[in-house]
Structures are given as C-alpha cells and as structure tokens.
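Undergrad: Here it is, the structure, as structure tokens.
Read the figures in this text as sums done on the coordinates, not as results from a lab. Everything numeric in this text was worked out from a predicted model, so none of it was measured. All Cβ positions, even for glycine, are placed from backbone atoms using ideal geometry, and neighbour counts span all protein chains on display.
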Amino acid sequence: MSVKARMIDHIRAMFDRFGGEYYGEAATQRAHALQCAHFARQAGCPDSLIAAALLHDIGQFIDDSGAAAEKLNTDARHEISGAALLSRWFPLSVTEPVRLHVDAKRYLCVVEPGYAEGLSGASRLSLRLQGGPMTREEAAAFESGPFWEEAVRLRRFDDAGKQPDLVVPGLETYFPLLQALAEPGA
Ligand code: FE
C-alpha cells in the first residue's frame with residue numbers, strides 16, 4: 001500500500017474511533033470537522049486551508065486528548081500534537097494554520113470586541129486553560145508571523161462549525177484533495 005493510501009487509512013481510522021465524541025460541543029467531532037471543511041470550501045479557500053479546516057482538531061483524537069479540558073481540567077495542546085502528526089504528510093500551508101488555530105482564538109479575543117462572548121462554552125473553558133486572551137504585544141507578534149491570516153480564517157470556520165443538525169458532504173469527499181496535497185516523500 002502506498003504511503004498516501006496509508007495516510008488516508010490512518011485519518012479514516014482516527015475519525016472512526018473518535019469522530020462520535022462531542023468534547024463539550026453541540027456537534028460530534030466528525031460533524032464539526034466536516035462542517036469546518038465545508039465552510040472553507042464554500043468560501044473558496046485554497047485546498048491547503050480546506051484540509052487544515054478538516055483536520056484542525058485531529059490532535060484531539062490522539063489518546064482521546066479532546067476529553068482533557070472537560071474531564072481533567074488541563075490543556076492537552078491538541079493544536080501542537082495535531083500539527084506534528086499532520087507534518088508527516090502535509091506542507092506548512094496545512095500544518096501551520098492547524099498549529100495556530102488556538103492562538104488565533106486568543107488573538108481574536110483581544111482585537112475583536114464581542115468575539116470572546118460569542119465563543120461556545122467548551123471554547124471558553126479551553127480558552128482559560130490555553131492562557132486566556134493575548135496581550136496587545138502578543139497580538140502584534142502574532143500578526144508578524146507567517147500563516148496567521150490563514151489561522152484566523154480557519155478559526156472562523158471552527159467557531160461556526162458546531163451546528164448539531166447541519167448535513168454536509170462526508171469525509172471521503174476530501175480524500176482526493178488530501179492525497180493531492182500530501183508531499184511526494186510522505
Ligand atoms: Fe475545532
């Protein structure tokens with residue numbers, strides 16, 4: 001089996017194992033991921049950002065770490081573990097928005113009035129564990145790095161993609177896009 005085929009198998013298996021979890025949100029993790037990817041596709045985002053939207057929470061599936069905030073009151077840093085896993089197969093244009101999507105939340109809390117109040121309950125709980133809103137200095141530093149705008153775009157899809165009853169295309173519809181993005185040496 002090719003490496004790209006194994007990548008697809010790996011991702012599918014992670015969704016099969018943990019996609020039914022809620023992790024404090026109104027939608028399952030599978031529905032959340034698929035809604036985020038769907039919104040990115042509808043918005044005309046590049047394939048790399050669609051893939052990032054689809055896979056941004058895959059770190060929650062590693063050792064079921066998405067349950068950490070609710071059950072253990074700790075932050076498992078799923079954005080870091082997720083980006084590290086994805087770096088096996090994908091370029092920075094996929095992994096960096098994933099790695100930065102928590103910072104994007106902390107960033108929006110300081111630059112956008114009312115943003116924090118609009119977050120879901122689970123996102124507000126995790127925000128506290130993730131260090132709370134950025135300072136103005138941290139926000140300025142965030143804006144000076146690469147992929148921050150992609151991370152903010154991803155964050156908008158993340159916040160919107162928590163609808164319990166929205167039906168969107170399935171995981172397998174993204175497999176060709178993921179295979180095309182995977183690096184040749186992956
Ligand atoms: Fe998310």
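Undergrad: Using the Cα atoms of region 104-186 to build a convex hull, what is its mean projected area in square nanometres?
TA: On the way: hull surface 30.8 nm².
If I average the Cα hull's projected area over directions, I get 7.7 nm².
Undergrad: So how many Å³ per residue does the convex hull of the Cα atoms of region 1-79 work out to?
TA: Output value, Cα hull per residue: 99 Å³.
Undergrad: Per 0.36 nm of contour for each residue apart, how much would the distance between Arg6 and Leu72 grow if the chain were fully extended, relative to their Cα-Cα spacing?
TA: Length difference between fully extended and current span is 20.5 nm.
Undergrad: Where does helix 92-111 land angle-wise versus the long Cα axis of the chain, in degrees 0 to 90, nearest 10?
TA: Taking the Cα atoms of the chain, the angle to 92-111 is about 20 degrees.
Undergrad: Would region 61-120 count as rounded, prolate or oblate if I go by the C-alpha gyration tensor, calling it rounded below 1.5 in a/c and otherwise prolate when a/b exceeds b/c, oblate otherwise? Intermediate results must be reported in sequence, preceding the final value.
TA: Values: a/c = 3.34, a/b = 1.24, b/c = 2.70.
Taking the square roots of the gyration eigenvalues as a ≥ b ≥ c, region 61-120 is oblate.
Undergrad: Over every pair of different alpha-carbon atoms in the chain, take the mean of 1/r and invert it; report that Kirkwood radius in Å.
TA: Taking every pair of different Cα atoms in the chain, averaging 1/r and inverting gives 16.4 Å.
Undergrad: Something else about it: How do Asp165, Asp103, Asp47 line up, fewest other C-beta atoms within 10 Å first?
TA: Asp165, Asp47, Asp103
Undergrad: Can you give the extra length, in nm with one decimal, that the chain gains between Arg30 and Ala180 once fully stretched, where that is 0.36 nm per residue apart less the Cα-Cα distance?
TA: 51.8 nm
Undergrad: Further, regarding this structure: Past 25 Å, Cα to Cα: identify those pairs from Lys4/Lys71; Lys4/Lys105; Lys105/Lys162, in the order given. Let's see the in-between values first.
TA: Values: Lys4/Lys71 35 Å; Lys4/Lys105 32 Å; Lys105/Lys162 15 Å.
As for pairs spanning more than 25 Å Cα to Cα, those are Lys4/Lys71; Lys4/Lys105.
Undergrad: Extension gain Arg17-Glu138, at 0.36 nm per residue separation less the Cα-Cα distance, in nm?
TA: On the way: separation 121, 0.36 × 121 = 43.56 nm, distance 3.64 nm.
Taking Arg17 through Glu138 to full extension adds about 39.9 nm, to one decimal.
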